[in-house]
Amino acid sequence: MNRPPNPAPPDSAKSFRSERFDFASFFFTGLTGFATLLIVAILAVILLNIVVQGWESLSWRFISTIPKDNFFDPASTGVLPMIVGTTGRVFVMTIFVLPVGVITAIYLTEYAPSTSPLTRFIRAAVNNLAGVPSIVFGLFGLGFFINFVGRNLDALLDSPGPTWGQPAILWASLTLAVMTLPVVIVATEESLRAIPPGLREASLALGATKLQTILRVVLPQALPGIMTGGILAVSRAAGEVAPILFTGVAYYMANLPSKLTDQFMDLGYHVYVLSTQSPNIEQTRPILYATVLVLLMLTFALNFTAILIRARMRKKLRALG
Amino acid sequence: MPAAPLKNVTVSAPDGPDDSAKETLIEVRDLSLYYGATRALTQITLPICPRLVTAFIGPSGCGKSTLLRCFNRMNDLIDNVRIEGAVRISGYDIYSRDVDVIELRKRVGMVFQKSNPFPKSVYENIAYGLRLQGHRNRADLDQIVEQSLRSAALWDEVKDRLHSSALGLSGGQQQRLCIARAIAIKPEIILMDEPASALDPIATARIEDLILDLKKQFTIVIVTHNMQQAARISDYTAFFYLGQLVEHDRTRKIFTNPTQKQTEDYVTGRFG
Amino acid sequence: MGIQRGHRARPLEWLAERVIFTISLSAIMLILLIFIFVGREALPIFLGRMDSALIQETIPPERMNELDPEELRVYLDLSPRQFAGMDRDTLQMLMEVRQEALEEIPPEQLNDPDAHANTTAWRYLLFPHQWSDYDRPRYIWQPIGNIHKYNIVPLIVGSLKTTLIGLFFAVPISVGAAIYVSQLARPRVREIAKPTIELLSGIPSVVVGFFALLVMASVFQAVFQYETRLNAFVAGIALGFAVIPVVFSIAEDALTSVPRSYTQGALALGSSKWQAAWHIVLPAALPGVFAAVVLGFGRAIGETMIVLMVCSASVMSWSIFDSARSITTTIAAEMAEAVAGGHHYRMLFMLGAVLFAVTFVANLVGDIVIHRLKRKLEGRS
Ligand SMILES: Nc1ncnc2c1ncn2[C@@H]1O[C@H](COP(=O)(O)OP(=O)(O)OP(=O)(O)O)[C@@H](O)[C@H]1O
Ligand SMILES: [Mg+2]
C-alpha cells in the first residue's frame, strides 16, 4: 500500500522480489508477537513458581491433616478442612445453580416472547450481572441471605440463638450460586439458540409437544454447551474468596463442617490468611506454596473433569448409539 | 397405532386427474394471514382432494409456504401471526379453540425444504415420532421403521447402518429419511415444502417416484418451483401470486390451457 | 376427528410448564433483588437518615410519658415491629441505656465540635474537613474510635490509582497480543496461544495476590528501588494480570469478527499482513477494542483480593509508589467489624452500591458497543 510505484522492472524474475525491506511490518509484527509472548511468559512464571516451590512441601500428610489450633506451624498443619470446605461449597452451589440456571435459560429462549421489552430487559440485566464485582455479591449475601432470610427464619422457627441468621456454608453457596447464575444462563441460552430451528419444527411437525421437543431434541443437543457453562461457573466459584468473606468462611475451625448451617474453612481464604497474617512469613512460606498448589490443582482438576465429560458427550453425540 | 379414518369422507378409489366429483379433504375458505401488519395471504378459497397430489406454484414470496404451514398450524410458532377465515380438514375447523394442535400435527405430517434429520441414528429418527405416540414394543418399532424406510425407498441403502448417525447420509438420503419419518406415524396428509429443491436430478427423480407411490395412501400437498415437476407428479395445481390464489385447476388444464393470462405467462416461463 | 381434545389433555405437561415458569420467575426475581438489597441497606445514607454523631440529643427517662409513641419509637431508633413487641419497662431501660452512653463519653470530648457532627452527611463524605486534632482540612477515612471519619475520596483515589496502573499495563499488551493472535500469527501458533492466554483467567485472584505479595513485591523493589515495598504500583501490575485475559478475549473476538474479505481485499492490493491489520481491521474493530477496555476497567475496579493482599493502608496520595486503599478492599477488610444496621455497616453498603452502579454502567456501555459493532459488521459483510 505504502510502496512507491515500481520503476519499470529490468527483468521479470526480479520484479517479484520486494524492492525494499518493509521495516514497519517487521517491527510491529515483532512487537505484537512479543506482547503475546509476554503474557504467556507471565502465566508460565506464575505456574512454574508455584508448582516448583509448592511441590517440595506437598505431602499426603499435608493434604490429609486437620490442623491443630496453630496452622502456621509447618510441621503439624494440613489442609484437609479447607479442601472439604471448598469442594463442599462448590458442590452445594452447583446443586442450586445448574437446574435453576438451565431452567431459566429454557424459559427465556423457548417460552418467553423473544421480542417483548421485558424479556430484553431481563436478558440485559442477566448479561450485565456477570460483570458485577464479586464483593458486591458478598454484600448481597450478607444483606439478603443472612440478615434478611436467615434472621426471619430464626424468628419464624423460634431458634434459641442465631442458627440461620449467621454465616454458614449454605449462605456462602447460595451467594456463589447467585453470582454464577448469569454465567450458566448465558451459556445455556447460547447453546439453545445455536440449535437450528428446523430441528424443533421437525419434532413439532411429528406431533411432539413443546416439552417433549425440548426434552428429547433440544436439550440433548445443548448438553455440551450447558456443561461448558457449568465448568465456567464451577471454576470461577472455586477460586473466589470475596463473596464468602462475610457469608460463611471461618478463620479456624477444629472440626469439619457437618451441617449446612456450619461455617467452613476454605482454601482460597486460607491462602489469604497465610500470606497476610503469618507471624513469620519465611517459616510459613513452604506451606503457603503448598496450599496455593492444592488450590490450583483443585480448580484445574474441576475444570479438567468437566472438560473430559464434555468431550465425551460431544463424541457420543457425534457417534450416536 | 393406525389413525382412525376421517369422518365425512367418502373414500373412493383413486381416480385419474380428470375426476371432478371428488369430495374435499382440506377446505380453505376466505383465508387471510397477516405477519404483524403485512398481509401475506389474501382471501384464499381452495378445496384439496384426498389421495391426490396438489401442487402449489408461484413466484418466490407469494405465500406458498405460508399457506402450507396453515394446514398443520406451524404458523402458530411465529409471533404476531393473525389469521382470518377458516381451514377445515374433513369438515373440522382446525383453528377452532378446542383443537389440539399436537393431535392435528400427528395427522398432518410435513417435510421441509431443508432436510432436518435429528442428530440421532437413522433408526431413532424414525422411531422418534412412534415413541411419542407411545410405541414401546421393540419388535413393533423395528417393523414400522423397516416398512417406512421401504416406502421411502431408502431401506436398501441404509439397512446396514440403521444405528449410525443420520447426519452421515447424503442430502437426498436425508430428505427421504425425513419423508420416511413423516409417514411412519401414518398421517392422513403430507405437506411437502420444496422437498427436492436442494437435490440433484437423480435424487429428485427418486423422490418424485416416491410421491407418486405415496399418493395411493396419503393426500399430498407439495410446493415446488419446478414446473416440470409439478406437471409430472400432481393431479391439481394451484398458482399463487402476491398472496392471492390466481388459478386452481387440474394440472393438465393449468399447463395446457390456463384461464388466466398470468398463469400462462408463469408456466411458460415468460413471467416478468 | 380426534383432534379436538382441549389443552387440558396433558395435565403433566401443563404442570411441568408451570414449574419451569415458577423457577425462572424466582431466579429472575432473585437477580432483580440484588439491585434492591444492596441499595436497601445503603438507603439511610443516601437519604441522609443516618446519624453517626457521638453526642446525640438525649431525653431523660423520667420524661418518657411526655412523648407520644411515635416520637419515642423514632428516638429509640426502633422499627415499628420491634417497638410493638416491647413493653414499657424495656422501653424505659432503653432510654436509660441511652442516657448512660452519654455519661460514659470522656469529658474532654464533650466540648469537641466533631462529637456533634453527623459524619455520614454528604459534606463529610466528599469534602475535606478539619478535624479537631488536625492542623488543616484533610480527606480521611478512619471508621474507628469514638468519632468515625468517613471521607470516601481517599478510597476512590485508591481504586482509580490501582485500576489505572493496571489498565496502562494490561491494555497495550492485551490489544497487541489480540492483533497478533487474530491477524498475524500462523494458525498453529494461534491455536496454542489463544487457549493459553485464556488460561490466565482461570487463576484465582487470591493466587495472583499471593504471587504479587511474595514474589513481585520484592523483585520490583529491588529493580525500582522505591521505599514502601507494598504499594499501588505492585497492586496495579497484579491487577493487570487479572485484566489481561478480559481485554484480550474481547478485543480478539472483535478483531476476528471483522470479515475476512476486508483483509483479503487489502492483501490483494499488495499490502502486508501488518498493514492490512493496522489500516483495515483495527479501525473496523475499534469500538470492540474500546469495549474491551471499558469491561477491563469494570473488572479491575471490582477486584478485591489482589488489592487487599498487596496494599491496604488508607492514605490520600496520588503517588503510584505509595500505598492505596480501594473501595473493594475497604469493604472486605472492615465488614467483619461493622455492626449490622449501624452506620459503619451502612457506609460499607453504600460503597458497595456505588461500586455496583459504576461497574454496571461500564458493563452496559461495553455490551452496547459490542452489540452495535457486531450488527454493523454483519450487516456490511
Ligand atoms: N416469519 C415471517 N415474518 C414476517 N413475514 C414473513 C414471515 N415468513 C414469511 N413472511 C413473508 O410472507 C410472504 C410469503 O412468504 P412465503 O415464505 O410463504 O413465500 P413462498 O411463496 O414460500 O416463497 P419461496 O418460494 O421463496 O419459498 C413473504 O413476503 C415473506 O416475506
Ligand atoms: Mg417457501
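The values are calculated or read from the model by the stated rules, or taken from the named source; none is laboratory data. Bear in mind the structure is a predicted one, so any value in this text is a computation, not a measurement. Positions of Cβ are generated from backbone atoms using ideal geometry, with glycine treated the same way; all protein chains shown enter the neighbour counts. The accessibility values were calculated without ligands, DNA or RNA, using every heavy atom of the protein model including side chains. Shrake-Rupley method; radii C 1.70, N 1.55, O 1.52, S 1.80 Å.
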Point to revise | Filter result (open to solvent by 20 Å² or more (accessible area, probe 1.4 Å) and assigned to a loop (DSSP other than H, G, I, E, B)) within the stretch B:139-154 | key: B:153
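Enumerate the strands (runs of 3 or more DSSP E) found wholly within the stretch B:200-272, keeping only those where 1 or more residues are among the small types (Gly, Ala, Ser). Steps first, answer last, please.
Details: elements: B:219-223, B:236-241, B:244-250.
Per the criteria, B:236-241.
With A:94, A:104, A:87 as the choices, which residue is open to solvent by less than 60 Å² (accessible area, probe 1.4 Å) and either within 14 Å of chain C (Cβ to nearest Cβ) or modelled with pLDDT of 95 or more (or both)?
Unique residue meeting the criteria: A:104.
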Point to revise | Those residues of the stretch A:170-212 which are in contact with a strand residue (DSSP E or B) (Cβ under 9 Å, 6 or more places away or on another chain) and touching a residue at least 40 places away in the same chain (Cβ under 8 Å), in sequence order | key: A:172
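Determine, yes or no, whether residue C:288 is within 11 Å of chain A (Cβ to nearest Cβ) and not in a loop (DSSP other than H, G, I, E, B). Explain how you work it out, then say what you get.
Working: within 11 Å of chain A (Cβ to nearest Cβ): no; not in a loop (DSSP other than H, G, I, E, B): yes.
The answer is no for residue C:288.
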Practice item. Among the residues of the stretch B:43-71, write down those that are within 11 Å of ligand 1 (Cβ to nearest atom) and not in a helix (DSSP H, G or I). Key: B:56, B:57, B:58, B:59, B:60, B:61, B:62, B:63
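Just checking, which of A:149, A:126 is more than 9 Å from every other protein chain (Cβ to nearest Cβ) and aliphatic (A, V, I, L, M)? Show your work before the answer.
Values: A:126 fails: more than 9 Å from every other protein chain (Cβ to nearest Cβ).
Selected residue: A:149, the only one of A:149, A:126 that is more than 9 Å from every other protein chain (Cβ to nearest Cβ) and aliphatic (A, V, I, L, M).
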Revision key, fill the gap. When (1) of a type in the set (Gly, Ala, Ser); (2) within 14 Å of chain A (Cβ to nearest Cβ); (3) free of Cβ contacts under 8 Å to residues at least 60 places away in the same chain; (4) within 16 Å of ligand 2 (Cβ to nearest atom) are applied to residue B:196, the one that fails is (2)
Exercise for review: Output the number of the condition that residue B:241 fails; it satisfies all remaining conditions of (1) within 16 Å of ligand 1 (Cβ to nearest atom); (2) without any contact (Cβ under 8 Å) to a residue 60 or more places away in the chain; (3) touching a Gly at 6+ places or on another chain (Cβ under 7 Å).
Suggested key: (2)
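This table checks each residue for (1) within 16 Å of ligand 2 (Cβ to nearest atom); (2) over 22 Å from residue B:146 (Cβ atoms); (3) open to solvent by 60 Å² or more (accessible area, probe 1.4 Å).
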position	(1), (2), (3)
B:156	no, no, yes
B:182	no, no, no
B:206	no, no, yes
B:229	yes, yes, no
B:233	no, yes, no
B:238	yes, yes, no
B:249	no, yes, no
B:254	no, yes, no
Exercise for review: Among the residues of the stretch B:23-42, write down those that are over 19 Å from the mean Cα position of the chain (by Cα), more than 13 Å from ligand 2 (Cβ to nearest atom) and either under 25 Å from residue B:227 (Cα atoms) or in a helix (DSSP H, G or I) (or both).
Suggested key: B:42
**Study point:** residue B:87, sole failed condition from (1) more than 16 Å from ligand 2 (Cβ to nearest atom); (2) open to solvent by 10 Å² or more (accessible area, probe 1.4 Å); (3) of a type in the set (A, V, I, L, M); (4) more than 8 Å from every other protein chain (Cβ to nearest Cβ)
**Key:** (2)
Point to revise | Of all residues in the stretch C:162-189 being more than 13 Å from chain A (Cβ to nearest Cβ) and open to solvent by 10 Å² or more (accessible area, probe 1.4 Å), the one that is modelled with the lowest pLDDT | key: C:187
Check your understanding: Of the residues that sit in the stretch B:100-117 and are part of a loop (DSSP other than H, G, I, E, B), within 16 Å of ligand 2 (Cβ to nearest atom) and more than 7 Å from chain A (Cβ to nearest Cβ), which one is surrounded by the most Cβ atoms within 10 Å (Cβ to Cβ)?
Key -> B:115
Review point. Does the stretch B:45-75 hold any residues that are away from ligand 2 (no atom under 16 Å from the Cβ) and surrounded by 15 or more Cβ atoms within 10 Å (Cβ to Cβ), and which are they?
Key: B:46, B:47, B:48, B:49, B:50, B:51, B:52, B:53, B:73
Review point. Under 9 Å by Cβ, and 6 or more places apart or on different chains, what pairs join a residue from the stretch B:23-42 that is on the phi > 0 side of the Ramachandran plot with one that is of a type in the set (S, T, N, Q) and part of a strand (DSSP E or B)?
Key: B:30/B:43; B:30/B:45
